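Worksheet for the structure shown next.
The values are calculated or read from the model by the stated rules, or taken from the named source; none is laboratory data. Treat the numbers as computed from the prediction; the structure is a model and nothing was measured. FYI the Cβ positions are ideal-geometry reconstructions off the backbone, even for glycines, and counts take in every protein chain you see.
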């Protein structure tokens with residue numbers, strides 16, 4: 001039998017809280033499988049240092065760890081407050097302008113205020129301060145304060161009722177994307193995606209190598225939800241970035257939008273990450289709220305491949321505890337999930353390949369297998385089987401470190417790098433891997449049924465399946 005092993009991947013954002021190597025090691029030991037670098041903070045030297053720290057920690061852990069680098073995208077922020085914050089009172093008139101001038105407040109990106117009309121909202125600092133546009137003339141928006149508060153230099157600005165002409169990706173994004181490719185970053189998150197063409201621009205700017213980062217489309221604008229299917233089709237993976245999404249859209253709609261995104265990504269065969277404020281209270285508290293625990297469980301139940309921690313691990317007081325808490329919530333949640341009643345169909349997959357995947361799924365379900373040993377050199381086979389939500393651990397064997405790191409994002413998948421890749425239809429049971437090692441990695445105990453699968457000896461025109469059933473006796 002198999003002792004349940006958490007299948008949901010956990011992404012942990014790095015920062016000052018885990019800069020010490022020992023703290024980073026504890027974060028990984030607690031269950032983080034992908035580490036996120038937020039490129040909105042720090043400079044090139046600090047980003048380089050984080051890549052070096054993570055790769056050194058990967059060597060110490062003996063596990064393949066993915067690195068996700070988040071591109072900042074176009075940041076609309078307040079300027080003109082260099083001399084200190086300003087307190088705004090309800091009902092007070094405020095002028096909002098571009099660049100320098102006699103206006104009360106200014107924004108960083110020229111041309112955006114032209115998208116405003118009377119009745120539109122301007123949200124500052126994630127909506128803590130709210131303005132209502134009364135008129136727009138010559139690049140100046142005359143507003144009225146609807147929600148009072150203090151504003152300061154660099155605070156973020158959202159325009160939820162308009163579609164400002166944002167440049168995505170920005171020139172800085174493209175520069176940082178090339179840096180990420182050169183440093184061997186595994187996943188590249190593009191912020192503020194609105195249309196699929198923006199992802200094509202990002203992809204075209206990369207070197208074009210098989211080791212280029214996986215592109216993750218961050219869904220955080222209403223326009224992205226409107227063009228969701230085309231964006232998902234162009235992306236390699238998707239993130240439900242609920243921070244700006246919850247500001248740009250009515251907050252009550254965000255849970256249903258999250259479910260919609262997860263349904264589309266499952267159908268289209270793209271891994272999906274749910275992010276933002278999942279265990280927010282653990283920045284300062286050693287335990288989450290009940291609502292936060294439920295939030296994590298809901299994302300997992302709805303099919304997320306990964307759940308992400310931000311401030312909880314980058315600046316929080318309990319970074320490794322936040323990861324272990326999330327891991328425990330995931331583990332308990334997964335034990336109560338019902339297995340899929342049919343193999344999920346995926347758009348764009350050739351019928352013979354889909355049939356071979358379904359044959360593997362059917363064998364696992366019929367025999368109630370305890371584990372799956374998968375030959376997946378480039379990660380494609382593991383990706384397809386991960387989508388089936390088999391509820392059992394998938395040990396994916398590859399000889400490519402890059403592929404193993406990318407598979408660290410996939411639900412239920414445990415990547416294993418071997419120096420010599422077993423050939424198709426390998427004569428040795430379990431590809432010649434030591435059975436004790438398999439038992440340990442998959443947490444198999446007593447007598448159990450192990451399915452061994454992978455691409456067979458066929459070619460692209462005539463795909464074949466290697467499929468074997470192994471009964472492992474108790475030790």
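Contact map, segment 344-365: first residue touching a residue at least 40 places away in the same chain (Cβ under 8 Å) and on the phi > 0 side of the Ramachandran plot, second residue assigned to a loop (DSSP other than H, G, I, E, B) and surrounded by 17 or more Cβ atoms within 10 Å (Cβ to Cβ), Cβ cut-off under 9 Å, separation 6 or more or different chains; pairs are 348/269. Which of (1) more than 30 Å from residue 237 (Cα to Cα); (2) exposed (fewer than 13 other Cβ atoms within 10 Å of the Cβ) is the odd one out, the single condition residue 79 does not satisfy? Going through (1) more than 30 Å from residue 237 (Cα to Cα); (2) exposed (fewer than 13 other Cβ atoms within 10 Å of the Cβ) one by one, residue 79 breaks only (2). Among the residues making up segment 213-232, those that are over 20 Å from residue 302 (Cβ atoms) and either surrounded by 20 or more Cβ atoms within 10 Å (Cβ to Cβ) or touching a residue at least 60 places away in the same chain (Cβ under 8 Å) (or both) are 213, 214, 215, 221, 222, 223.
Is there a residue in segment 44-63 that is more than 12 Å from residue 319 (Cβ to Cβ), in contact (Cβ under 8 Å) with a residue 12 or more places away in the chain and assigned to a loop (DSSP other than H, G, I, E, B)? Yes, some residue in segment 44-63 is more than 12 Å from residue 319 (Cβ to Cβ), in contact (Cβ under 8 Å) with a residue 12 or more places away in the chain and assigned to a loop (DSSP other than H, G, I, E, B). Of all the criteria given as (1) touching a helix residue (DSSP H, G or I) at 6+ places or on another chain (Cβ under 8 Å); (2) buried (at least 18 other Cβ atoms within 10 Å of the Cβ); (3) closer than 30 Å to residue 418 by Cα, the one not satisfied by residue 71 is (3). Where helices (runs of 4 or more DSSP H) fall entirely within segment 312-389, those with at least 1 residues that are under 19 Å from the mean Cα position of the chain (by Cα) are at 319-334, 380-386. Answer yes if at least one residue in segment 14-36 is within 22 Å of residue 277 (Cβ to Cβ), at pLDDT below 95 and in contact with a helix residue (DSSP H, G or I) (Cβ under 9 Å, 6 or more places away or on another chain), and no otherwise. No, every residue in segment 14-36 fails to be within 22 Å of residue 277 (Cβ to Cβ), at pLDDT below 95 and in contact with a helix residue (DSSP H, G or I) (Cβ under 9 Å, 6 or more places away or on another chain). Condition (residue is farther than 20 Å from residue 244 by Cα and not in a loop (DSSP other than H, G, I, E, B)) applied to segment 113-123: is it met by at least one residue? Yes, because at least one residue in segment 113-123 is farther than 20 Å from residue 244 by Cα and not in a loop (DSSP other than H, G, I, E, B). For segment 426-462, a residue qualifies if it is modelled with pLDDT under 80, in a loop (DSSP other than H, G, I, E, B) and surrounded by 15 or more Cβ atoms within 10 Å (Cβ to Cβ), and the qualifying residues are 426, 456. Can you tell me which residue within segment 24-34, out of those that are under 16 Å from residue 310 (Cα atoms) and not in a loop (DSSP other than H, G, I, E, B), is nearest to the chain's Cα centre (by Cα)? So the residue we want is 34.
Looking at 32, 45, just one residue is in the same structural domain as residue 312 (by TED's automatic domain parsing) and either surrounded by fewer than 23 Cβ atoms within 10 Å (Cβ to Cβ) or farther than 29 Å from residue 394 by Cα (or both), and that residue is 45.
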